[in-house]
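J.: The structure's right below; bear with me while I get my questions together.
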């Protein structure tokens, strides 16, 4: 018995899953519709991802060590990384995704330039799943219709996942990320050499934040919101462009992008021998909106569970086997999601609470705890005195901003 696995979606999630499976000698098929695809996204990755996923230096465009949090009243708080070897990595998704996808293929995954349209689900626990897909390898956008039979399917095909629909995984609320890539004159770009900016305020997002993130030779300027309305999103983008206007003078828009981002996990993430990972599963965090690391990590954990429970591909894993991945995931990261959900609920609901949030970010202990949690994806236990100080600081900021008022 040689296990056959189809991974649908060739972003960081799909490629990370395919890499683990291919390394284990499992027959792996990795589907990606557009091999030059780049999901609209801020492109920030934590330091732990660079080492954990063996990313070479050329994948990272900028090593950001300074952040500016900018409040609705334009109060600026500088948040600087102190340790010399720490940074937030800024990358272009087309570069990162291409690298991870190519690496999976070199390790033995069968990379298929194709669009999966349909998944036929078997009526028992051993018959194969049948994927119906258009093969675009001849360069034709329409493609040639083909089928593939596999034993396990990993859905890594994003917020609009067809695999999720096929297994009736249920819907979730989603936000919209809208972003313009803007090439700046050299003297303007120098300002963003190792600096990223986050703006909060009703003018830039009623429930999230806006950003200016540096890339290789341009900045990504965007906003996110759960208000899924084109007119509103257009107004919010005008808001961030206005707030950052002086720093963006002379800039040229080179690309405009928009994409849905899940707001919480799908009701069902495993069904039968089909598992969802990344955006398809809903692994984006609240508050920060971070998705790249968690997408890749969820997919790696899923693939590792398949390798383990199938004894290296010697037999077909069951639904309960695949659900082991979810148990491990929820145990490791469940609290992180709850805390960030709470932070977004508390601090992003009005301009008063946003002012309080930015004020709180000026505290060095808060900064250290935040950076440690972000860079290394661990809940760092501050000593009790520091924890008490942070709690008092939080309450004090909220009270001064009238943020505790209903």
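The values are calculated or read from the model by the stated rules, or taken from the named source; none is laboratory data. What you see is a predicted model; the values in this text were computed from it and never measured. Backbone-built Cβ (ideal geometry, glycine too); neighbour counts: all protein chains shown.
J.: Evaluate the following for residue 183: is it at pLDDT 95 or above and surrounded by fewer than 20 Cβ atoms within 10 Å (Cβ to Cβ)?
T.: When the stated conditions are applied, residue 183 passes them.
J.: Shifting gears a bit: Looking at residue 355 and the list (1) out of contact with any helix residue (DSSP H, G or I) (no Cβ under 8 Å at 6 or more places or on another chain); (2) at pLDDT 85 or above; (3) closer than 22 Å to residue 175 by Cβ; (4) not assigned by TED's automatic domain parsing to the domain that holds residue 150, which single condition is not satisfied?
T.: If we test residue 355 against (1) out of contact with any helix residue (DSSP H, G or I) (no Cβ under 8 Å at 6 or more places or on another chain); (2) at pLDDT 85 or above; (3) closer than 22 Å to residue 175 by Cβ; (4) not assigned by TED's automatic domain parsing to the domain that holds residue 150, just (3) comes out false.
J.: Let me ask something additional. Kindly check whether there is at least one residue in the stretch 102-113 that is assigned by TED's automatic domain parsing to the domain that holds residue 298, touching a helix residue (DSSP H, G or I) at 6+ places or on another chain (Cβ under 7 Å), touching a residue at least 24 places away in the same chain (Cβ under 8 Å) and assigned to a helix (DSSP H, G or I).
T.: Yes, the stretch 102-113 has at least one match.
J.: What are the residues in the stretch 264-281 that are under 14 Å from the mean Cα position of the chain (by Cα) and under 13 Å from residue 299 (Cβ atoms), if any?
T.: The answer is 277, 278, 279, 280, 281.
J.: Right, next: Over 18 Å from residue 76 (Cα atoms), in contact (Cβ under 8 Å) with a residue 24 or more places away in the chain and touching a strand residue (DSSP E or B) at 6+ places or on another chain (Cβ under 8 Å): does that describe residue 157?
T.: yes
J.: Look through 220, 196, 210 and report the one residue that is in contact (Cβ under 8 Å) with a residue 12 or more places away in the chain, within 18 Å of residue 67 (Cβ to Cβ), in contact with a helix residue (DSSP H, G or I) (Cβ under 7 Å, 6 or more places away or on another chain) and assigned to a strand (DSSP E or B).
T.: Selected residue: 210, the only one of 220, 196, 210 that is in contact (Cβ under 8 Å) with a residue 12 or more places away in the chain, within 18 Å of residue 67 (Cβ to Cβ), in contact with a helix residue (DSSP H, G or I) (Cβ under 7 Å, 6 or more places away or on another chain) and assigned to a strand (DSSP E or B).
J.: Moving to a separate point now. What are the residues in the stretch 308-358 that are over 20 Å from the mean Cα position of the chain (by Cα), surrounded by fewer than 20 Cβ atoms within 10 Å (Cβ to Cβ) and part of a helix (DSSP H, G or I), if any?
T.: Hits for the stretch 308-358 are 308, 309, 319, 320, 321, 323, 324, 327, 346, 351, 352.
J.: Just the residues that are in contact with a strand residue (DSSP E or B) (Cβ under 6 Å, 6 or more places away or on another chain) and in a loop (DSSP other than H, G, I, E, B), please, taken from the stretch 249-276.
T.: Once the filter is applied, which keeps residues that are in contact with a strand residue (DSSP E or B) (Cβ under 6 Å, 6 or more places away or on another chain) and in a loop (DSSP other than H, G, I, E, B), the stretch 249-276 yields 251, 263, 269, 273.
J.: With the structure loaded, tell me whether residue 61 is touching a residue at least 24 places away in the same chain (Cβ under 8 Å) and assigned by TED's automatic domain parsing to the domain that holds residue 255 or whether it fails that test.
T.: For residue 61, the condition - touching a residue at least 24 places away in the same chain (Cβ under 8 Å) and assigned by TED's automatic domain parsing to the domain that holds residue 255 - is met.
J.: Now for a different question. Can residue 285 be described as in contact with a helix residue (DSSP H, G or I) (Cβ under 8 Å, 6 or more places away or on another chain), under 22 Å from residue 96 (Cβ atoms) and surrounded by fewer than 22 Cβ atoms within 10 Å (Cβ to Cβ)?
T.: Yes, satisfied.
J.: Do we find a residue being assigned to a helix (DSSP H, G or I) and either crowded, with 16+ Cβ neighbours inside 10 Å or out of contact with any helix residue (DSSP H, G or I) (no Cβ under 6 Å at 6 or more places or on another chain) (or both) anywhere in the stretch 224-231?
T.: Yes; the residues of the stretch 224-231 include at least one that is assigned to a helix (DSSP H, G or I) and either crowded, with 16+ Cβ neighbours inside 10 Å or out of contact with any helix residue (DSSP H, G or I) (no Cβ under 6 Å at 6 or more places or on another chain) (or both).
J.: Going by what's in this entry, would residue 213 be described as over 21 Å from residue 87 (Cα atoms), assigned by TED's automatic domain parsing to the domain that holds residue 70, surrounded by 18 or more Cβ atoms within 10 Å (Cβ to Cβ) and in contact with a strand residue (DSSP E or B) (Cβ under 9 Å, 6 or more places away or on another chain)?
T.: No: the conditions fail for residue 213.
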